[in-house]
1. GLN88 to ASP195: extension gain in nm, 0.36 nm per residue of separation minus the Cα-Cα distance?
2. Net charge around HIS100, counting only other residues with Cβ within less than 12 Å of its Cβ (Lys, Arg = +1; Asp, Glu = -1)?
3. Classify the stretch 256-331 as rounded, prolate or oblate, taking a ≥ b ≥ c as the square roots of the eigenvalues of its Cα gyration tensor: rounded when a/c is under 1.5, otherwise prolate if a/b is larger than b/c and oblate if not.
4. How many percent of DSSP beta bridges within the stretch 223-364 run antiparallel, rounded to 5?
5. I'd like to check one number: the per residue accessible area of the chain, probe 1.4 Å, reported in Å² as a whole number.
6. For the chain, what relative contact order do you get, as a whole percent, if you take Cα pairs closer than 8 Å and at least 6 residues apart?
7. Note down the nm distance, to one decimal, between modelled labels 7 Å out along Cα→Cβ at ARG123 and at SER222.
8. Could you give the length gained by full extension between ARG256 and ARG236, i.e. 0.36 nm per residue of separation minus their alpha carbon distance, to one decimal place?
Amino acid sequence: MIVPRSAAPAPARHKTVVIADDSAVVRGLFARWLGEAGNAHVVAVAGDGETALAHAARFKPDVLILDLDMPGLDAASALPRILRESPQTSVLLAATLNEHNTRLALECMTKGAMDVVSKPPSRTGMTLSLDFRSEFLLKLGNIAQPEPAPERSPDPGQGQAGLRALVWATPRYLLIGASTGGPRAVARVLFDIGDALADITTLVVQHMPPLFTASFAEQVTSQVGAPAREPCDGERLARGVVYIAPGGRHLGIDRRLGHLVARVDDGPPVNFCRPAVDVLFNDAARHLGAAALGLVLTGMGSDGTEGAAALRQAGAAVIAQDERSSTIWGMPGSVVRARHASAVTPLDEIGGAIRALLRGGSPA
């Protein structure tokens with residue numbers, strides 16, 4: 001008689017990676033780091049944009065590391081074609097960040113790049129910096145697409161059975177938190193809300209370093225049509241404006257001389273983040289109550305969960321992006337599992353749901 005063995009879990013498949021960089025030194029360095037990490041397999045390297053495109057079409061890699069400054073076909077032009085050839089490929093941008101490259105990186109992230117890793121300005125710095133190596137490996141690991149999950153019955157933590165009932169009210173303030181994959185998601189939501197943004201004050205915490213957030217605000221203004229900017233501490237909050245948390249600084253809300261104002265400070269990181277979503281959400285719960293609407297979009301970690309609890313306790317609604325449409329379902333997933341979400345919604349439906357709320361309708 002043959003005794004059946006219990007099924008052992010299949011070993012995790014190494015992620016396939018294409019490295020596209022015009023420097024042979026950088027290509028070799030990235031390949032060595034990935035080899036030493038042991039969880040990725042470099043299937044090809046490219047020194048220009050056209051070759052990167054050809055490798056994407058041939059290998060359909062899990063991850064493509066794309067240098068912003070490529071000869072011939074640049075990253076902004078190559079990226080949409082790469083994603084058309086291989087839609088499941090996650091693209092990690094790599095660049096020495098200056099004002100020009102920051103704008104280019106943001107443009108690429110709104111076109112589908114997942115994240116950006118900032119190269120040290122010198123090859124010596126790149127070779128010797130343990131912080132850069134750690135950041136590179138962490139970001140690459142975070143954006144690598146997981147294996148497709150088998151079909152299953154709805155999880156009550158994600159379906160309506162796991163949501164706390166709420167009577168939806170027309171909000172006057174929209175508070176958005178996002179991280180990895182956020183620039184594209186935030187822009188999509190704001191674009192879909194459209195001219196209804198004029199009826200609301202919007203505050204955004206997007207996990208970004210300095211340089212990026214000012215350019216992100218300019219990009220939002222250009223793409224969405226609503227005025228967007230980094231606020232100053234003590235600036236009175238105005239309806240119709242999108243306020244972007246300055247990179248490296250917290251954005252909150254305060255009441256001074258009878259007016260609601262932006263609170264911008266250099267307080268310690270919260271959830272290892274500055275700016276932190278929890279800072280904004282907790283302030284909003286204190287000063288806005290049910291006049292607020294929280295939105296937690298794609299991102300790694302759990303920033304926003306504690307603040308979402310405070311918002312719900314204050315009578316405000318919180319929408320979480322669903323798992324399927326998220327680059328990383330860390331932040332919104334944490335809110336859902338903690339049962340602080342009023343709704344779990346695909347990215348392409350969030351803007352319309354908020355627009356309906358602002359027009360006095362229902363989000364669903």
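1. In short, 35.2 nm is gained.
2. Here the count lands on -3.
3. oblate
4. DSSP beta bridges in the stretch 223-364 are roughly 45 percent antiparallel.
5. 45
6. That works out to 13 percent.
7. Between ARG123 and SER222, the simple spin-label model gives 3.3 nm.
8. 6.3 nm
The values are calculated or read from the model by the stated rules, or taken from the named source; none is laboratory data. Since we're looking at a predicted model, the values are computed, not measured. Every residue, glycine as well, gets a Cβ built from its backbone with ideal geometry; the counts of neighbours run over all protein chains shown. Protein only, heavy atoms only, side chains kept; ligands, DNA and RNA dropped before computing areas. Shrake-Rupley method; radii C 1.70, N 1.55, O 1.52, S 1.80 Å.
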